[in-house]
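Below: the structure, in structure tokens.
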Amino acid sequence: MSDHAHDRHGLMSVSPYAAAEVEVVSLNPARPVVPVPLINDIVRTRYVIPGSVFLVESIEPRLQVARRYRAVRVLLGDGELCIQALLRSEIHGFVDGGQIYEGCYVRVDEVEFQSEDLSGPVLDKPDDGLGDPATAERRKKDKPRKLVYLVVGDMITVGWNNAYLKILGLNGPPANSRPASAVRQGVTMGLGKFAAQKLEVGSKLLPVQDSEDIEDFSDSDDDAFETLAVSEEKAFQRRIQPPGDSRQHAAIPTTKFQGNKPWMANDPTKPLKLTNLRSIPNLPYKQNWMVNVLAVVASLSDVEPSHLPPTHSQRTARLADPSTSKQVHLTVFLDPEQFVPEVGSVVLLVGVKNHRFDGGSLKKYASDRLNNGANWWHGNPEALGWCEAEVSRLRLWWSQQTAQQQQPCY
């Protein structure tokens, strides 16, 4: 797929795990877990085959839908796409008790596909400024958007993904992760009352185009779903705080992030988990995985026109660090005129997303503004305190690189 490939359905589009990167562990060695891309066909056919296996990428355990009720929303991935699912109340205990957790594989046995029309025209899907503007104009169609999701009545934990758990900072499954199959009870799919709450629960669900376009996959629309009104922390990070104590009453929900997780882009004054440039092409997903980067700005362009709303402008830079000889391409769509680091300086980039372009690049989208209004880039990162030693190391390395390049050749 090209740099600008895009999922036209509003689903989170990501590339498959490379075989060498996947560390799949099956609870039953006689029935190994084999992840298979399913979601594209599910949306196209509006049917989920019983027994389908998904990776649980995120869990929101306490969404409030009414004073006395809660909902549990999870993101289920297949290695290429992920789709949101609402769990019936009968299996909330699997989440509360730790049998279903982020990074585990689940077999979905009872599930129903749901979709809802949303008012308003489909957002224009530009192609990052490299395509024909007339093509982008033709994509402005006044048709209803849709949000799609699954309502799950029963699921069983069948394994876990060590690579994903490692990203979450875990060395293995949670200690209390007794398989759901050991405690599950059969449930029926009486979805009426639960499904009736879907619009209240789905105030931030992902809008997608009508399914008639699903077979018409386009490789030129990859960045467009960044313009959708989605909670970036909840949807794109696919990492939420662990479920609370199962004894906590369901009428006391919380969807707020507690504390400063190392992957969270909400408080740069506290230590953040940093990703070196060599790792950019090898993240669990090849696209839209949010990272924090400390690197040297090797070059910086002027503000340039772009077809990506809302600014329709961009600025590009090249980043360098000692982990790789390749300079990584960065495209800034968020207030590009305000992105003015000095060339040769060390900069901290908070909450940038990886992309397939150029074999692995970074992008900062307009939709990725930090919720608390904090700066997403820091041209003097040593002032933050926690990364002072690393900044000094990068400056010394860059000065040595510059000196070597300036030595005359005889």
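Considering the conditions (1) part of a strand (DSSP E or B); (2) touching a residue at least 60 places away in the same chain (Cβ under 8 Å), L349 is excluded by exactly one of them, (2).
Scanning the range 277-330 for residues that are free of Cβ contacts under 8 Å to residues at least 60 places away in the same chain and β-branched (V, I, T), we see that the one that is nearest to L370 (Cα to Cα) is T311. Filtered by the rule that a residue be more than 28 Å from the chain's Cα centre (by Cα) and of a type in the set (D, E), the range 373-399 gives E382, E388. Select from the range 264-289 the residues that are within 20 Å of G379 (Cα to Cα) and surrounded by 20 or more Cβ atoms within 10 Å (Cβ to Cβ) and write down the one among them that is modelled with the highest pLDDT. For the range 264-289, the residue satisfying everything is L277. T402 fulfils the conditions (1) farther than 17 Å from N292 by Cα; (2) of a type in the set (V, I, T); (3) touching a Leu at 6+ places or on another chain (Cβ under 8 Å); (4) assigned to a helix (DSSP H, G or I) except for a single criterion, (3). Assess whether D321 counts as being within 23 Å of P281 (Cα to Cα), at pLDDT below 90 and either of a type outside the set (A, V, I, L, M, F, W, C) or assigned by TED's automatic domain parsing to the domain that holds N292 (or both). In short, no. Look at the range 359-376: where a residue is within 17 Å of T331 (Cα to Cα) and a partner is at pLDDT below 90 and acidic (D, E), sitting 6+ places away or on another chain with Cβ atoms under 7 Å, you get Y365/E226; S367/E226; S367/E232; D368/E232.
The values are calculated or read from the model by the stated rules, or taken from the named source; none is laboratory data. Being a predicted model, the structure only gives us computed values, none of them experimental. As a convention, Cβ positions derive from the backbone with ideal geometry for all residues, glycine included, and neighbour counts pool all protein chains shown.
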